[in-house]
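Participant: The structure under discussion is supplied below as structure tokens; questions concerning it will follow.
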Amino acid sequence: MRIDIISVVPDIIQSPFEGSIMKRAQDAGLVEVYFHNLRDYTTNNYKQVDDYPYGGGAGMVLMIAPIEKCISALKAARDYDAIIYMTPDGEVLNQGTANKISLLKNIIVLCGHYKGVDQRVRDLFITHEISIGDYVLSGGELAAAVLCDSIIRLIPGVLGNETSALTDSFQDGLLAPPVYTRPADYNGHKVPEILTSGNTPKIEAWREDQALEITKKKRPDLLT
Ligand code: 6GU
């Protein structure tokens with residue numbers, strides 16, 4: 001998979017890609033991530049990327065010209081399966097969307113900033129609009145990092161144990177069961193006995209039961 005991220009502040013989003021699973025995935029050649037600074041695609045002498053909104057009002061709007069120049073340069077080099085705009089009024093990200101996007105080959109992720117982008121960018125270039133929840137961030141960069149993390153870990157081969165993503169919360173529509181590690185007895189607080197029994201079918205049944213109970217208690221909306 002190849003991910004091209006377009007932003008006016010690409011430096012604030014690079015670090016999540018420089019460690020842990022997102023770095024391992026890149027080192028293993030399973031995903032390539034490129035950052036593009038919109039300022040490198042400006043079309044005027046002032047390196048201007050934003051301007052006042054027509055009709056007045058607070059905040060600045062990202063201009064269409066640098067965005068179109070950047071997207072056109074990328075599209076000239078390869079085909080893209082999705083051009084995603086990160087925006088609080090987009091479709092709220094969930095595991096199902098992450099699964100679908102993780103199957104794509106080349107994607108562009110455009111981060112909004114200030115008051116957002118000129119509507120014509122959305123009308124002309126964008127194929128998907130994604131939000132990461134009902135609250136407002138200062139820009140789409142952190143949201144883009146969240147989206148990328150959620151999809152990169154699903155690419156086959158990225159997680160050491162191939163089944164590991166399958167047991168995540170949400171992957172089967174349920175929250176994950178509790179996990180424990182050594183010691184089996186911490187100052188009298190014991191690990192559930194079943195987990196140290198060595199009886200794999202019984203452990204699996206216990207985990208499924210716990211997942212269901214926890215989901216009922218914390219997120220009953222997932223069961224309806
Ligand atoms: Cl994608 N962008 C911004 N600016 N705020 C958000 C968001 C995105 N998702 C939730 N809040």
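The values are calculated or read from the model by the stated rules, or taken from the named source; none is laboratory data. For clarity, every value in this text was computed on a predicted model and none was experimentally measured. Ideal geometry is used to build each Cβ from the backbone, glycine not excepted, and the neighbour counts take in all protein chains shown. The accessibility values were calculated without ligands, DNA or RNA, using every heavy atom of the protein model including side chains. Shrake-Rupley method; radii C 1.70, N 1.55, O 1.52, S 1.80 Å.
Participant: I'd like the distance separating the alpha-carbon centroids of region 155-187 and region 36-106, in whole Å.
Facilitator: About 35 Å separates the Cα centre of region 155-187 from the one of region 36-106.
Participant: How far, in nm, would the chain grow between Leu222 and Ser169 when pulled straight, counting 0.36 nm per residue and subtracting the alpha carbon separation?
Facilitator: 18.0 nm
Participant: Right, something else. Counting Lys and Arg as +1 and Asp and Glu as -1, what is the net charge of the other residues whose Cβ lies under 15 Å from the Cβ of Leu212?
Facilitator: -1
Participant: When the Kirkwood radius is taken over all Cα pairs of region 169-223, what Stokes-Einstein diffusion coefficient follows at 20 °C and 1.002 mPa s, in µm²/s?
Facilitator: D = 174 µm²/s.
Participant: When you count, for each residue, the other Cβ atoms within 10 Å and take the mean per peptide, how do 63-69, 194-200, 172-178 rank with the highest first?
Facilitator: 63-69, 172-178, 194-200
Participant: Can you give the helix-only mean residue ellipticity at 222 nm for the chain, where every DSSP H stretch with n ≥ 4 adds -39500 (n - 2.57) and the sum goes over all residues, rounded to the nearest 500 deg cm²/dmol?
Facilitator: -9500 deg cm²/dmol
Participant: Something else: Assign unit charges at the C-beta atoms only (+1 for Lys and Arg, -1 for Asp and Glu), then state the dipole size of the chain relative to its Cα centre in Debye, rounded to the nearest 20.
Facilitator: Computed charge dipole of the chain: roughly 180 debye.
Participant: Classify the chain as rounded, prolate or oblate, taking a ≥ b ≥ c as the square roots of the eigenvalues of its Cα gyration tensor: rounded when a/c is under 1.5, otherwise prolate if a/b is larger than b/c and oblate if not.
Facilitator: Verdict is prolate for the chain.
Participant: Just want to confirm a number: the relative contact order over region 1-126, from Cα pairs under 8 angstrom separated by 6+ residues, in percent.
Facilitator: Computed value for region 1-126: 33 percent relative contact order.
Participant: With all protein chains present, how much of the accessible area of the chain (probe radius 1.4 Å) comes from carbon and sulfur, to the nearest whole percent?
Facilitator: It is 52 percent, rounded to a whole number.
Participant: Please report the equivalent ellipsoid semi-axes of region 57-138, computed as sqrt(5 x eigenvalue) of the Cα gyration tensor, largest first, in whole Å. The partial results should precede the final answer.
Facilitator: Working: eigenvalues 87, 76, 13 Å².
Largest first, region 57-138 gives 21, 19, 8 Å.
Participant: Might you tell me the accessible area per residue for the chain, computed with a 1.4 Å probe and given in Å²? Numbers along the way, then the final one.
Facilitator: Details: 13130 Å² over 224 residues.
Value for the chain: 59 Å² per residue.
Participant: Report the dimensions of region 128-204 along its three principal axes from the alpha-carbon atoms, largest first, rounded to Å.
Facilitator: 48, 31, 21
Participant: Once the Cβ-Cβ distance between Ala73 and Trp206 is put in as r, and R0 is 41 Å, what FRET efficiency do you end up with, to the nearest 0.05?
Facilitator: According to the calculation, E is roughly 0.15.
Participant: Could you list, in their original order, any pairs among Lys23/Lys115; Lys23/Lys105; Lys23/Lys47 whose Cα atoms are separated by more than 20 Å? Show your work: numbers first, answer last.
Facilitator: Numbers: Lys23/Lys115 31 Å; Lys23/Lys105 18 Å; Lys23/Lys47 32 Å.
Over 20 Å apart, Cα to Cα: Lys23/Lys115; Lys23/Lys47.
Participant: Determine how many Å³ per residue the convex hull of the Cα atoms of region 44-101 encloses. Walk me through the numbers before you get to the answer.
Facilitator: Values: hull volume 7.2 nm³, N = 58.
With only Cα atoms used, region 44-101 gives 123 Å³ per residue.
Participant: Cα to Cα, under 17 Å, and not fewer than 8 places away if on the same chain: which aspartates and glutamates meet these conditions relative to Lys216?
Facilitator: Cross-link targets: Asp168, Asp172, Glu208.
Participant: Can you give the extra length, in nm with one decimal, that the chain gains between Leu104 and Ile12 once fully stretched, where that is 0.36 nm per residue apart less the Cα-Cα distance?
Facilitator: Using 0.36 nm per residue and subtracting the Cα-Cα distance, I get 30.6 nm.
Participant: Using Cα atoms only, what is the angle between the long axis of helix 141-152 and the major principal axis of the chain, expressed in degrees (0 to 90) to the nearest 10?
Facilitator: With both axes taken from Cα atoms, the answer is about 50 degrees.
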